[in-house]
Amino acid sequence: MWLYCHFPQLLLDNRVRLQPDSNTLPLALYQLQGNQSVIVQCNTLAREAGVKTSIQTVMAISLCEQLQLVEYIPEREQQVLQQLATRLYQWAAKLVLYPPKGLAIELSSLAQLYGGMDSVFNTLSREVDALPIKAQLAVADNPLAAQLLAEYDCPVSLNPKESTQLLAQLPIGAAGLGTKTQKHCKAAGFRQLGELIQLSGDEVGRQLGLETQLYLERIQGRQQQSYNFFTPPESFRQSLDLVTEIPHWQGLLFPLKRLFGELEDFLYQRQKVTQQVSIELHHRYEPPSVVPVALAEPGWRGQSFLSLLQLKMESIPLPEAVIEITLVANELLQSEQHSSHFFGVQQHRHETLQLIGRLQAKLGNNAVFSPAMNDDPRPGNNEFRRPAGEKPQILSAAPKRPLWLLQPPQPTSIDLWQLRHGPERKVCGWWDAGDIARDYWIARDKFQRVGWLYFESGQWYLHGWFS
């Protein structure tokens, strides 16, 4: 048994789901068909004004002057279908896509897992109903038969005999036959699909051709079919057409929040994390503006990315109003749980990395780093920058050093200081012509400040301050 889900207005319903305000106006999607622009989907307000599918956009505008028109893009609708399949994949692994508006789910293999066919159907139908997208469901013993029943919006029945009866009652125009075949059927007096099914295969082939004969055998499940089962994508990409052009960042926050919510759901269902996403802002005339947003460590919370993006907004001017937003996450990693969460170690590191991410978003990636030391014994030459967030280098046997080094060292008088520890002799640097010969001391001045002094070539210098 197969469950077929037909989404008659998938792209339009998904648009309203992401932008609820768009449903407060008459809205329709149009498509160029030859030399004509035709309405293919429309919302309730548009239908109440007389707009319906298959009419030309010129007529639609004459019926409803306030009608908002958006171009229908089949590839975009197929992306939405894949997103729905990804959400349902956690409940059923055997899914087959029928672009651009449908998908089929194999039920028989799930009966034992869910405790019966009724339980399987109730679980899946509940998940489909939870989507704010209109769906027409049907069950039959093969995907094609279920598809015909769902597209005609027949009542759902888990009884195979009742499904067969419903299939037989379908009018010829709803049987998925070509226009030429439908004309032949009507000319021969056939009005329902059941009348064709009752004929022998040879009779159908003689009257309507071999192609129609094979098609009817597929409807009845007499032909062995191979299925290309759906596999969830390894990346995330979702676009959102804006109802009106938005010229400033503040107006983009709400649709961006919706898109990041979709990303969060996608990552959570897949048990994945990602460290970087890209926001593509499409303009009418200018090239798209691409804004990368990177976390200090991989994560899945949409709010984390949105917070960093808000910090970057001030420094990124928009060259033109935005008409479309695309959110992309290509590099997905497996989510891992660590036992150190129990002791709070991981939580502390997570908070540190969140701070690093906010600083990088505000100041730039190159402005935030972690200090580290190498083996060069010369003060000032043994320091370098490591990527922010890396664990600090631990030097257990390192001598005491000041936190603040003066560059360049300042000449001073030994009369102002009281020597406390030293000397520490440094004669090195001959390997790169930067040789030094110094005696370093830790000293205290009259204000009780602790400094790092050295004596070289008959002169005392202050090289740094201890905290």
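Each reported figure results from applying straightforward, stated rules to the coordinates on display, with no laboratory input. All figures in this text were calculated on a predicted structure; none of them were measured in a lab. Don't worry about glycine lacking a Cβ; one is built from the backbone with ideal geometry, like all the others, and counts go over all protein chains shown.
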Item checked: Gain in span if fully extended, SER457 to LEU253, counting 0.36 nm per residue against the direct Cα distance -> 67.1 nm
Check: Around ASP241, what is the net charge, scoring Lys/Arg as +1 and Asp/Glu as -1 over all other residues with Cβ under 14 Å from its Cβ?
Finding: -3
Next item on the list: Kindly provide the helix-only [θ] at 222 nm of the chain, computed as the sum of -39,500 (n - 2.57) over DSSP H runs of four or more divided by all residues, to the nearest 500 deg cm²/dmol?
Entry: -10000 deg cm²/dmol
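If we count other beta carbons within 10 Å of each Cβ, what is the order of LYS446, LYS134, fewest first? Display every interim value, and only then the final one.
Numbers: LYS446 8, LYS134 12.
Exposure proxy ranking, most exposed first: LYS446, LYS134.
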Next item on the list: Could you please report the charge total around PRO319, scoring K, R as +1 and D, E as -1 over all other residues with beta-carbon less than 15 angstrom from its beta-carbon?
Entry: -4
Next item on the list: Within the set of other residues whose C-beta is less than 13 Å from the C-beta of VAL16, count the net charge using Lys and Arg as +1 and Asp and Glu as -1.
Entry: +1
Next item on the list: Please work out whether the range 1-41 counts as rounded, prolate or oblate from its C-alpha gyration tensor, where a ≥ b ≥ c are the square roots of the eigenvalues and a/c under 1.5 means rounded, while otherwise a/b larger than b/c means prolate and anything else oblate?
Entry: oblate
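If I stretch the segment between GLU383 and LYS161 completely, what's the gain in nm (0.36 nm per residue apart, minus their alpha carbon distance), one decimal?
So the extension gain works out to 71.9 nm.
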Note to self: Given a Förster distance of 25 Å, report the FRET efficiency between GLN334 and VAL290 from their Cβ-Cβ distance, rounded to the nearest 0.05.
What the structure shows: 0.40
Item checked: Prolate/oblate/rounded call for the range 400-465, Cα gyration tensor, a/c under 1.5 rounded -> prolate
Notebook entry, point to check: According to a simple spin-label model (label point 7 Å from Cα along Cα-to-Cβ), what is the distance in nm between ASP445 and SER413?
Noted result: 1.3 nm
Next item on the list: Fewest Cβ neighbours within 10 Å first, please rank ARG420, ARG401 accordingly.
Entry: ARG420, ARG401
Check: What is the distance, in nm, between label points placed 7 Å from the Cα along the Cα-to-Cβ direction at VAL58 and at GLN223?
Finding: 4.2 nm
Item checked: R0 of 41 Å, Cβ-Cβ distance LEU25-GLN275: FRET efficiency to nearest 0.05 -> 0.60
Next item on the list: Rounding to the nearest 20 debye, state how big the charge dipole of the chain is about its Cα centre with +1 on each Lys and Arg Cβ and -1 on each Asp and Glu Cβ.
Entry: 740 debye
Checklist line | Where Rh is the Kirkwood radius over Cα pairs, Rg/Rh for the chain | finding: 1.22
Checklist line | Ranked list, fewest to most other Cβ atoms within 10 Å of each Cβ, for TRP2, TRP465, TRP430 | finding: TRP430, TRP465, TRP2
Margin query: Quick check on the range 1-92: of the DSSP beta bridges with both residues there, what percent are antiparallel, nearest 5%?
Written below: 65 percent
Notebook entry, point to check: How many nm is it between the label spots at TRP431 and GLN198, if each spot is 7 Å from the Cα in line with the beta carbon?
Noted result: 9.8 nm
Next item on the list: Could you work out the relative contact order of the chain, using alpha carbon pairs under 8 angstrom and six or more residues apart, expressed as a whole percent?
Entry: 10 percent
